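Q: Mind having a look at this structure? Questions to follow.
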Amino acid sequence: MSDVVLEVSGVSRTYYDDKKNAVEALRDIGLTVSRGEFVTFIGSSGCGKTTLLRLIAGLDEPQSGKLLLYGMEISGANPNRGYVVQQGGLFPWLSVWDNIAYGLKVRGQYRKHKADVAKYVRLIGLEGFEKSFPHQISGGMAQRVAIARALINEPELLLLDEPMGALDSFTRADIQDKLLELHRESGATMLLVTHDVDEAIFLSDRIFIMTPRPGKIKHILRVSIPHPRHRGGVDFFSLRRDILEQLELASAMPQPEYKI
Amino acid sequence: MWGSTPQAAPEWGADVSKTAKQIPTQILKQPSNVRFFFGAALTLIGFASAIAVNIAVPQVAKVKIAEYEYFGVTLDFNTLYRGVIAGIIAIYAICGVWAYFDNDRQLKYIKRAPFRFVLGIALAAWDILGTKYRLLPQPFFPGPAQIVETFLNEPAFVLENMLYSLRLYGAGFVVGVTFGVGTGILIGWFPKVYYWVSPVLRITGVIPAVAWMPFALTLAPTPFSAAVLLMTLCAWFPIASFTAQGVQSTAKIHFEVAKTLGANTAQLVFRVAIPHALPQIFGGIAMANGFMFTTLVMSEMMGQPGGLGYYIQLSRVWSAYYKVFAAIVIMAVLFSIILYIISIVQGYALRWQKGLVKQNV
């Protein structure tokens, strides 16, 4: 667990909106992620968690600071970092099978690793839906396909940008279980962005609590509840309270003052 | 800025009977055998009356009825006309037997029965007015039997011209679609190409391609290649602009996801942008097809050594209007078949859209 996969140091990123106003999405972010870890970034919207994930994916570049993957600087997207988005990431013109096989096909590995596609279809429990097109399957199934499609490249990092954000709570719990199973199975390091506290506790080894404007990491929490975790456990709830407290401070809510 | 939305593009040759609206009625309606046989009888009676009229009504007006001999059989236009209608009856009879054993097919079969009945009656009436009594202005409106005479008169020549048109259409379609889609992708992908080419494209779009005919005929090495050039020109605007719009409207997220999956730039074009643009590309082709038919016939009428347009022109000079009609009928059948084939290809290529959009693919 000790060897570092990802090292982020001093990363800042500022955007300019339509009116040329500077929006400081990230300021001086530093963190390390170890191999096989499940890490979650949580925070209110605008705290830069998606920006951070995009920087790690190589879809964006920081203005300052360094992002290192195994000591090598990240530049541009690469199949060694899988990327799953909230919604609509599947190619609507490709079947479930072809979506999952996409990474293999563009890298010219399809013939050699055809069996992998079948393996992942089985892993995500979508046997019989191989020929279905994305609009013919449910949102939960589509997200499972998106995760399998990213995992088939056997990435060092799997970056999950609120992959369960648009799902109902039952489907969400189902995918969370599936995600843990895939995490165990593939041994990939996973980075999740979410605003769901329960989800963060249920899945993560560590939780990064972020604050908005400018986006900063405020607090890091280690979740030491052993797997399988119970969503209604006592330690679950105490951790939940801790995070909510942190988040309440994070969003700079005015503290009620009682003067008696 | 690229005109109407691609989904609203006219659906040439679309099979209307396959619309989603029909599904509930198919479940609800159970045609009785009585209704089915009534429909079949309507079809039969309609066409049979056309034959009966042709046999029974005496030839009052003075029309020269020439006899032709093919394969040892002596035919005049009346016998061939009856034969053609008998053939139509036979086809509908076979379809009827095939439809009888399936509920959905039965419904589909009887749906058009009243139309077929009226068609048969109309043929009979036209026969009387056009040929038997010659009440319609002559020689502009010959009867249906006289139109059929064209195929007795010069079948080889008609076939030759038909094949010329087909060949010209095939060449024009391939070159036009390839050029249109190719430039459309470049315009959609490279902002520089968009800047320089799209004004030219838009100007070209408002000029009817046949206006370039004098230049095409002098500049192109052969009349054939001149017509191909004109067809390419008329297809360029709709196909290229729709294709460019399809490429430009590809969601950014799809490019990003493809990049993280390992796609290189060429694959971003060929495995993301083009598949995404396919519905628009087909919309453009459907639109261009109409222009291409027009340009094809116009250029044949104005300077080709063959083709159905040439045949029309030639027959007109001799006041053989029944041949003009025959050429028009051939065009109708030929172009319908072409549109049908394209709609099948489109339906297969866009099968992923089925149920996703309202468009009937």
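Q: Could you work out the mean count of beta carbons from other protein chains within 10 Å of each residue's beta carbon in A:129-137?
A: Per-residue shielding by partner chains comes out at 2.
Q: While we're on this one: Under 10 Å, Cα contacts only: if you run a Gaussian network model on chain A, which one of A:178, A:20, A:49 comes out with the highest mean-square fluctuation?
A: A:20
Q: Answer rounded, prolate or oblate for chain B, using the Cα gyration tensor with square roots of eigenvalues a ≥ b ≥ c: rounded when a/c is under 1.5, else prolate when a/b is larger than b/c, else oblate.
A: The shape class here is oblate.
Q: Quick one: check the C-alpha center-to-center distance for segment A:51-119 versus segment B:76-114, whole angstrom.
A: Each part's Cα centre sits 57 Å from the other's.
Q: Mind putting a number on the dipole of segment A:149-259 about its Cα centre? Charges go on the C-beta only, +1 for Lys and Arg and -1 for Asp and Glu, and I need it in Debye to the nearest 20.
A: That gives a dipole near 360 debye.
Q: Let me ask another. Tell me whether segment A:1-95 comes out rounded, prolate or oblate; compute the Cα gyration tensor, take square roots of the eigenvalues as a ≥ b ≥ c, and use a/c under 1.5 as the rounded threshold.
A: oblate
Q: Would you list, by chain and number, the aspartates and glutamates whose Cα falls below 13 Å from the Cα of residue B:62, excluding same-chain residues fewer than 8 positions away?
A: none
Q: Counting pairs of alpha carbon atoms under 8 Å apart in space and at least six apart in sequence, what relative contact order in percent does chain B give?
A: 21 percent
Q: Once you keep just the Cα pairs under 8 angstrom separated by 6 or more residues, what percentage relative contact order results for segment B:30-152?
A: 41 percent
Q: Here's something else I'd like to know. For chain A, set up a Gaussian network in which alpha carbons nearer than 10 Å are linked by springs, and say which option among A:19, A:66, A:119 fluctuates the most.
A: Judging by the Gaussian network model, the answer is A:19.
Q: How far, in nm, would the chain grow between residue A:70 and residue A:28 when pulled straight, counting 0.36 nm per residue and subtracting the alpha carbon separation?
A: Separation in residues times 0.36 nm, less the Cα-Cα distance, equals 13.1 nm.
Q: Now, a different point. For segment A:54-185, what number of Lys pairs, 8 or more residues apart or on separate chains, have alpha-carbon atoms under 28 Å from each other?
A: Pairs that pass both the separation and distance tests number 11.
Q: Return one quarter of the surface area of the convex hull spanned by the alpha-carbon atoms of the protein assembly as shown, equal to its mean projected area, in nm².
A: Average projection, Cα convex hull of the protein assembly as shown: 42.0 nm².
Q: Of the beta bridges DSSP finds with both residues in the protein assembly as shown, what % are antiparallel, to the nearest 5?
A: 55 percent
Q: Projecting each Cα onto the charge dipole of segment B:240-361 (Lys/Arg +1, Asp/Glu -1 at the beta carbon, about the Cα centre), which of B:327, B:313, B:247 comes out farthest on the positive side?
A: B:247
Q: What does the average come to when, for each residue of peptide A:79-86, you count the partner chain Cβ atoms lying within 10 Å of its Cβ?
A: Taking all residues of A:79-86 together, the mean is 3.
Q: A further question follows. Over chain A, what is the percentage of antiparallel beta bridges among all DSSP beta bridges, to the nearest 5?
A: Percentage antiparallel, nearest 5: 55.
Q: Right, something else. Per the Debye formula with a single identical scatterer at each Cα and no solvent contribution, what log10 I(q)/I(0) holds for segment A:4-246 at q = 0.11, 0.12 Å⁻¹?
A: For segment A:4-246 at q = 0.11, 0.12 Å⁻¹, log10 I(q)/I(0) is -0.58, -0.69.
Q: Continuing with the same structure: Where in segment B:281-361 are there trypsin sites (Lys or Arg not before Pro) that are in a DSSP coil and have at most 15 other Cβ atoms within 10 angstrom of their Cβ?
A: The qualifying sites are B:358.
Q: Continuing with this model, one more query. For every helix of n ≥ 4 consecutive DSSP H residues, a contribution of -39,500 (n - 2.57) applies; sum these over chain A, divide by its total residues, and give [θ] at 222 nm rounded to the nearest 500 deg cm²/dmol.
A: When only DSSP H runs of four or more count, the value is -10000 deg cm²/dmol.
Q: Each residue of segment B:187-204 in turn: what ³J(HN,Hα) in whole Hz from Karplus with 6.51, -1.76, 1.60 and θ = phi - 60°, glycine and Pro shown as x?
A: Using θ = phi - 60°, the values come out as 5, x, 8, 9, x, 4, 5, 4, 4, 7, 8, 5, x, 4, 4, 5, 5, 4 Hz.
Q: Between A:188, A:101, A:173, which gets the highest mean-square fluctuation from a Gaussian network model of chain A, Cα cutoff 10 Å?
A: For chain A, modelled as a Gaussian network with Cα springs under 10 Å, the answer is A:173.
Q: Could you work out how much longer the chain between residue B:104 and residue B:345 gets when fully extended? Use 0.36 nm per residue separation minus the Cα distance between them, nm to one decimal.
A: Extra length available between residue B:104 and residue B:345 comes to 84.4 nm.
Q: Looking only at other chains, what is the average number of their beta-carbon atoms within 10 angstrom of each beta-carbon in A:59-65?
A: Counting other chains' Cβ atoms within 10 Å and averaging over A:59-65 gives 1.
Q: Once you treat every alpha carbon in segment A:113-260 as an equal point and sum by Debye, what is log10 I(q)/I(0) at q = 0.14, 0.16, 0.19 Å⁻¹?
A: -0.77, -0.95, -1.21
Q: Starting from the Cα coordinates of segment A:46-170, work out the convex hull volume and express it per residue in Å³.
A: It comes to 126 Å³ per residue, whole-number rounded.
Q: Separate question: Return the Rg/Rh value of segment B:154-353, two decimal places, where both radii are evaluated on C-alpha atoms and Rh is the Kirkwood radius.
A: Rg/Rh for segment B:154-353 comes to 1.07.
Q: Now a separate question. For the charge dipole of the protein assembly as shown, defined by +1 on Lys and Arg C-beta atoms and -1 on Asp and Glu C-beta atoms about the Cα centroid, which residue among B:295, A:12, B:235 has the Cα displaced farthest towards the positive pole?
A: Going by the charge dipole, the pick is B:295.
We did not get these values from a lab; they are worked out from the coordinates using the rules stated. Predicted model only: the values in this text are computed from it and were never measured. So basically every Cβ, Gly included, is an ideal-geometry build from the backbone, and we count neighbours across all protein chains shown.
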